[in-house]
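In what follows, a single structure is set out as structure tokens and then discussed.
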Amino acid sequence: MDERAAKPRTSPGEFIRQVRTEASKVVWPTRQETVTTAIFVGIMMVILAVFFLGVDSLFGEIVKLLLSLAG
């Protein structure tokens with residue numbers, strides 16, 4: 001048997017009430033927390049971009065070296 005058929009349907013009014021109840025439990029970050037997090041994300045993006053640029057450049061040089069040895 002289909003398990004979904006066993007559940008009673010929730011009325012639209014009950015659904016809206018449940019959504020409001022759950023939404024009231026959300027703890028929104030303060031402006032300071034949001035700014036701090038955004039700055040942290042920006043710094044991490046720069047650090048990771050520089051890191052991956054270095055790794056990519058290193059592998060590029062290794063491949064060039066290997067290709068020069070083969071040809």
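For the range 58-67, indicate whether the set of residues that are of a type in the set (Gly, Ala, Ser), surrounded by fewer than 10 Cβ atoms within 10 Å (Cβ to Cβ), in a helix (DSSP H, G or I) and more than 19 Å from the chain's Cα centre (by Cα) is non-empty. Looking through the range 58-67, none of the residues is of a type in the set (Gly, Ala, Ser), surrounded by fewer than 10 Cβ atoms within 10 Å (Cβ to Cβ), in a helix (DSSP H, G or I) and more than 19 Å from the chain's Cα centre (by Cα).
Filtered by the rule that a residue be among the charged types (D, E, K, R) and either in contact with a strand residue (DSSP E or B) (Cβ under 7 Å, 6 or more places away or on another chain) or open to solvent by 80 Å² or more (accessible area, probe 1.4 Å) (or both), the range 9-55 gives Arg9, Arg17, Arg20, Glu22, Lys25, Arg31, Glu33.
The values are calculated or read from the model by the stated rules, or taken from the named source; none is laboratory data. Everything numeric here is computed off the predicted structure, so don't read it as measured data. FYI the Cβ positions are ideal-geometry reconstructions off the backbone, even for glycines, and counts take in every protein chain you see. Keep in mind that these areas ignore ligands, DNA and RNA; they rest on the heavy atoms of the full protein, side chains included. Shrake-Rupley method; radii C 1.70, N 1.55, O 1.52, S 1.80 Å.
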